[in-house]
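Bear in mind these aren't lab numbers, they're just calculated from the coordinates by the rules spelled out. Because the structure is a prediction, the values reported are computed rather than measured. Note that we place each Cβ from the backbone using ideal geometry, even for glycine, and neighbour counts take in every protein chain shown.
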Amino acid sequence: MTNKYREEAPGYTMTTVMEEAARCLLCHDAPCSAACPADTDPASFIQSVRFRNLKGAADTIRSNNALGAICARVCPTEKYCELACSRSGIDVPIDIGGIQRFVTDFEQQGDLKIIEKGDSNGKSVAIVGSGPGGLQTATTLLEKGYAVDIYEKNEKAGGYLTYGIPEYRLPANIVNYEIQRIIDLGANIKYNTTVGKDITMTEIKANHDAVVVAVGASEGKVLSMFKDNPYVESAVDFLARVKENQDDIVDIPGSAIVIGGGDVAMDVSTTLKRLNVKNVTDVAYEEFDEFKASKKELAGTQKQGVTIVDGYVPERVNGNEVTFKHRNIDGELKIKADTIILAVGQKVNTEGLGFVTEHGEVKFKGYKAKDEKVYVTGDIAEGDKTVVWAVRKGKEVAEEIDHDLLGGN
Amino acid sequence: MIKKDLSVDFLGVHFENPFLLSSSPVGNCYEMCAKAFDEGWGGVVFKTIGPKHFKVDEVSPRFDELTKEGTPFVGFKNMEQIAEHSLEENLHDLHQLKQDYPTKIVIASIMGTNEEDWESLAQLVTEAGSDMIEMNLSCPQMTSHEMGSDVGTNPELVKKYCAAVKRGSDLPMMAKMTPNITDMVPAAKASMAGGADGIATINTVKSVANLDLDKKVALPIVDGKSSISGFSGKAVKPIALRFLQQLREAAGLEQLPISGIGGIETWQDAAEFILMGATTLQVTTSVMQYGYRIVKDMKNGLMHYMEDQGVDHLSELVGVANKKIVPVEELNRDYKVYPKIDWDKCIGCGRCYVSCFDGAHQAITWNIKTRRPTVDTSKCVGCQLCNLVCPVGAITTGEVRMKPGREGNIEDIDIESARLTH
């Protein structure tokens with residue numbers, strides 16, 4: 001059972017990756033590369049694969065993206081590079097994520113050291129939160145010669161990468177390897193340290209030239225009707241619980257209702273199925289033609305045998321029985337299950353950080369807070385809430401800090 | 001279900017179809033040839049039988065492949081020599097095959113080191129019941145320099161050995177030529193002068209296919225070293241077809257009977273060899289990769305081709321293309337054909353733009369916004385490289401224009417090509 005839960009889909013072999021790379025049209029001014037928020041440059045690394053230069057391909061990915069192996073697995077490529085792929089004009093886009101995974105696996109197997117720490121410039125930056133945004137920020141700053149301290153409230157780094165995304169989609173060893181690389185580069189991670197509780201922002205600011213807040217939206221939202229309901233668990237809590245207790249997961253229900261239509265809802269539903277929960281019903285606010293989850297995750301969830309009902313909102317709850325109403329047509333749905341998991345979004349906790357957020361984002365544009373030493377990045381900064389966007393924002397905030405502190409030289 | 005007569009007559013022997021295993025690892029014993037017959041091959045050229053005094057001693061490993069992108073076996077390198085079974089076993093197998101498959105054609109390939117060898121081998125395989133003899137004058141990896149392609153490049157030896165075979169047997173005989181020679185015609189003519197009834201060609205091309213970059217040794221590695229040896233498969237097809245043409249255009253060889261060899265794996269390859277002058281077709285590399293079963297689609301596809309061409313006998317197609325290959329100085333150079341771009345089919349990959357700029361005449365302009373190419377006829381020379389690189393067939397041959405100052409009627413110019421227009 002646990003094996004089934006953990007198992008990642010097999011990746012390409014040398015032969016099959018060459019077949020996939022040969023499908024690539026090697027476009028002039030390639031649209032895929034222009035469509036990658038993190039500038040991972042798929043056109044360049046696929047061309048390298050096509051001409052059998054795997055080390056060169058790894059150079060491209062890694063020098064552009066500190067989380068290349070993670071993005072390869074979790075990026076909703078259908079919304080970015082693969083959406084732009086010219087091959088779609090013939091049949092289906094190139095499996096860019098798959099090729100990227102092959103290259104980063106090759107990089108890991110060979111333990112290639114691609115990014116290097118820059119010569120020390122005497123400046124130091126503190127980063128609050130070690131999720132994708134914080135990790136990329138740290139990497140770019142370390143390459144530029146900054147000293148980097150990361151404050152992480154949990155006992156492990158990685159944020160949602162470590163505590164959220166299920167093992168079958170993103171194995172822990174991949175996340176750990178990516179984080180270890182950044183630690184090897186010089187990042188000093190202070191675990192179990194909540195800023196605002198264990199240490200104050202004032203102290204951190206006093207000890208660093210800049211502070212980057214990359215806390216993300218780490219807490220699950222609970223709709224008011226579900227407050228204090230013993231049958232209810234938030235998706236982030238559920239996923240964290242499963243990841244923490246991989247070989248010994250307790251309280252596996254016989255049936256479950258999942259509420260939500262994003263990738264997190266798909267992760268929860270699929271995980272439940274992989275844990276052998278017999279009846280899993282996901283009820284989504286969106287109808288299928290406006291679905292938030294990526295097509296790949298939706299298809300994977302359906303393949304697991306999850307019942308997905310689209311277009312319904314929860315109307316009332318009585319213990320473990322939820323009544324839903326259709327948003328657009330006259331219709332009601334009553335479902336009773338052993339447990340109810342809410343995947344209806346996350347919220348940000350900025351307690352003690354010195355600013356507030358609205359709808360999960362800070363109220364100012366860009367990365368620089370009012371307090372001139374303080375910057376933000378990751379999900380709380382303006383822009384998409386995906387890993388690849390966190391990478392982009394991490395690179396951008398690091399550039400901005402470098403510009404502010406040293407004129408960008 | 002298509003049904004066409006694929007039979008051919010070659011050197012006086014009737015074949016139910018033109019597809020033969022070539023003399024190689026694929027026809028090394030009775031069981032192999034019997035299976036090939038069962039799967040529909042018209043005949044086999046049994047793996048070359050040598051004289052008793054020549055001991056075959058093979059290396060391990062002995063093969064290598066050339067790949068491109070995800071495509072395996074673009075070309076194949078092998079180091080095997082001739083049959084490693086005893087002379088008695090081989091003769092027994094020839095006899096048994098003919099007994100059990102009387103309608104199939106059993107061709108004995110032989111190779112000697114001197115006239116006596118050749119003559120006696122010819123006699124022995126004839127007594128075993130073979131239908132035809134092929135003289136292997138062309139194996140490039142023999143451990144004896146008195147054998148193989150070293151002999152095949154020497155017209156005097158070729159003629160002498162052909163005559164020796166003819167003394168030993170009255171069976172129809174073809175001499176198998178090596179491509180490791182600038183001009184095959186003298187060797188072919190020497191064979192015919194020695195008594196050969198036809199030519200089989202090509203044998204493998206001498207090669208070094210790949211290297212191990214860490215060990216800095218060519219492949220396959222045999223105890224730290226490697227050797228030049230024969231290359232075959234799809235990659236050598238153009239070389240084979242060129243030799244067929246050169247033979248068939250030589251004075252006195254216009255009707256030369258040829259058994260074509262070199263990279264045949266589809267009915268289209270087969271049809272090309274026939275149009276270039278081959279009557280029978282020999283195959284090894286694609287069988288090594290895919291098995292004897294490939295003959296099914298070669299036969300069926302060839303029947304459909306005959307039907308499409310309105311042909312009842314393959315003999316009507318033999319050598320038809322030879323006449324239309326002329327010296328380069330005789331080609332019409334008075335016009336050019338511009339490419340025509342279909343923007344509805346175009347998917348905006350820009351490959352035509354890149355290839356035209358980097359590999360041709362900078363005659364395609366690229367609209368960055370719309371991602372669409374346009375042909376600048378003031379620069380275009382009509383080379384059609386863009387047509388070839390377009391992955392979706394959006395570029396075809398378009399307007400034909402006479403070069404300035406040249407005369408001619410555009411309507412009379414034959415530029416149609418299914419291949420160039422995908």
(message) Viscosity 0.890 mPa s, temperature 25 °C: give me the Stokes-Einstein translational D for the stretch A:143-206 in µm²/s, with Rh taken as the Kirkwood radius over C-alpha pairs.
(response) 187
(message) Place a point 7 Å from the Cα of B:Ser227 along the Cα-to-Cβ direction; which residues of the stretch B:197-214 have their backbone N under 16 Å from it?
(response) B:204-209
(request) Put one equal scatterer on each alpha carbon of the stretch B:247-328, apply the Debye formula with no solvent term, and list log10 I(q)/I(0) at q = 0.11, 0.20, 0.24 1/Å to two decimals. (result) -0.31, -0.91, -1.15
(request) Restrict the search to the stretch A:1-79; then list the chymotrypsin sites (Phe, Trp or Tyr not before Pro) that DSSP places in a loop and that have at most 13 other Cβ atoms within 10 Å of their Cβ. (result) A:Phe51
(request) Please build a GNM for chain B, connecting alpha carbons under 10 Å apart, and tell me which residue among B:Glu116, B:Glu80, B:Glu134 fluctuates the most. (result) B:Glu116
(request) Starting from 0 in steps of 10 Å, tell me what percent of the Cα-Cα pairs of the stretch A:2-109 lands in each bin. (result) 15, 52, 28, 5, 0
(message) Test of understanding: in a Gaussian network model of chain A with alpha carbons linked when under 10 Å, which of A:Ile199, A:Ile189, A:Ile150 would top the mean-square fluctuation ranking?
(response) A:Ile199
(request) Could you please rank A:Arg316, A:Arg241, A:Arg87, placing first whichever residue has the fewest other Cβ atoms within 10 Å of its Cβ? (result) A:Arg316, A:Arg241, A:Arg87
(message) I'd like the trypsin sites (Lys or Arg not before Pro) in the stretch B:201-283 restricted to DSSP loop residues with at most 12 other Cβ atoms within 10 Å, sorted by number.
(response) B:Lys215, B:Lys216
(message) Quick query: amide H of A:Ile127 versus all other amide H atoms, modeled in the peptide plane; which residues come in under 5 Å with a sequence gap of 5 or more or a different chain?
(response) A:Asp149, A:Ile150, A:Tyr151, A:Val212
(request) Pop a pseudo-label 7 angstrom from the Cα along the beta-carbon direction at both A:Ser124 and B:Glu407 and give the gap in nm to one decimal. (result) 9.2
(message) As a test of the formula, what do you get for the protein assembly as shown when each DSSP H run with n ≥ 4 contributes -39,500 (n - 2.57) and the sum is divided by the residue count, at 222 nm and rounded to the nearest 500 deg cm²/dmol?
(response) -9500 deg cm²/dmol
(request) Tabulate in residue order the Karplus-calculated ³J(HN,Hα) for the stretch B:127-139, using 6.51 cos²θ - 1.76 cosθ + 1.60 with θ = phi - 60°, rounded to whole Hz; enter x for Gly and Pro. (result) 5, 6, x, 4, 8, 7, 10, 10, 8, 8, 10, 8, 5
(request) Could you tell me what percent of the DSSP beta bridges with both partners in the protein assembly as shown are antiparallel, to the nearest 5? (result) 40
(message) What FRET efficiency comes out for A:Asp371 versus A:Asp39 if R0 is 30 angstrom and r is the Cβ-Cβ distance? Round to the nearest 0.05.
(response) 0.55
(request) For the stretch B:332-412, compute the number of Lys pairs whose alpha carbons are separated by less than 20 Å, excluding pairs fewer than 8 positions apart on the same chain. (result) 6
(message) Take B:Asp183 and B:Val311, extend 7 Å from each Cα along the Cα→Cβ direction, and tell me the distance between the two endpoints in nm.
(response) 3.0
(request) List the pair-distance distribution P(r) of the stretch B:332-412, using every Cα-Cα distance, as the percent of pairs falling in each 5 Å bin from 0 up to the bin containing the longest distance, rounded to whole percents. (result) 3, 16, 28, 22, 15, 9, 6, 2, 0
(request) Count neighbours as other Cβ atoms within 10 Å of each site's Cβ, and list the trypsin sites (Lys or Arg not before Pro) in the stretch A:170-211 that are DSSP loop with at most 10 such neighbours. (result) A:Lys197
(message) If I take all pairs of Cα atoms in the stretch B:273-408, what percentage of them are more than 22 Å from each other?
(response) 61
(request) Output the pairs from B:Lys104/B:Lys176; A:Lys79/A:Lys278; B:Lys77/B:Lys299; A:Lys156/A:Lys197 with a Cα-Cα distance over 24 Å in this structure; if there are none, say none. (result) A:Lys79/A:Lys278; B:Lys77/B:Lys299
(request) Could you pull out every one of the aspartates and glutamates with an alpha carbon less than 18 Å from that of B:Lys216, ignoring same-chain neighbours closer than 8 positions? (result) B:Asp64, B:Glu65
(message) Show me, for the stretch B:13-25, the HN-Hα J-couplings you get by feeding each phi into the Karplus relation (A = 6.51, B = -1.76, C = 1.60, θ = phi - 60°), rounded to Hz, glycine and proline as x.
(response) 10, 8, 10, 5, 8, x, 8, 10, 6, 7, 5, 5, x
(request) Of the DSSP beta bridges with both residues in the stretch B:8-324, give the percent that are antiparallel, rounding to the nearest 5. (result) 40
(request) Sum up the charges of everything whose Cβ sits under 12 Å from the Cβ of B:Lys403, counting Lys and Arg as +1 and Asp and Glu as -1, but leave B:Lys403 out. (result) +2
(request) For the protein assembly as shown, just list the percent of Cα-Cα distances falling in each 20 Å bin from zero outward, please. (result) 13, 31, 27, 21, 7, 0
(request) Quote the FRET efficiency, to the nearest 0.05, computed for A:Phe288 versus B:Arg293 with a Förster distance R0 of 45 Å and r equal to the Cβ-Cβ distance. (result) 0.50
(message) I want the local charge near A:Glu315. Using Cβ-Cβ distances under 14 Å, sum +1 for each Lys or Arg and -1 for each Asp or Glu among the other residues.
(response) +1
(message) Given a 10 angstrom Cα cut-off, can you work out which residue in A:Thr339, A:Thr16, A:Thr139 is the most mobile in a GNM of chain A?
(response) A:Thr16
(request) In whole Hz, with x marking every Gly and Pro, tabulate ³J(HN,Hα) for the stretch A:362-371 from phi via Karplus 6.51 cos²θ - 1.76 cosθ + 1.60, θ = phi - 60°. (result) 5, 8, 10, 7, x, 10, 8, 7, 4, 5
(request) Can you pull a Stokes-Einstein diffusion coefficient for the stretch B:8-324 at 25 °C (0.890 mPa s), Rh from Kirkwood over Cα pairs, as a whole number of µm²/s? (result) 127
(message) 5 Å is the cut-off here: which amide hydrogens, built 1.01 Å from N in the peptide plane, fall below it relative to A:Glu219, excluding neighbours closer than 5 in sequence?
(response) A:Lys347, A:Asn349
(request) Evaluate the distance, in nm, between pseudo-label points positioned 7 Å from the Cα of B:Met1 and of A:Glu203 along their respective Cα→Cβ axes. (result) 8.7
(message) Given a Förster distance of 22 Å, report the FRET efficiency between A:Thr194 and A:Asp237 from their Cβ-Cβ distance, rounded to the nearest 0.05.
(response) 0.80
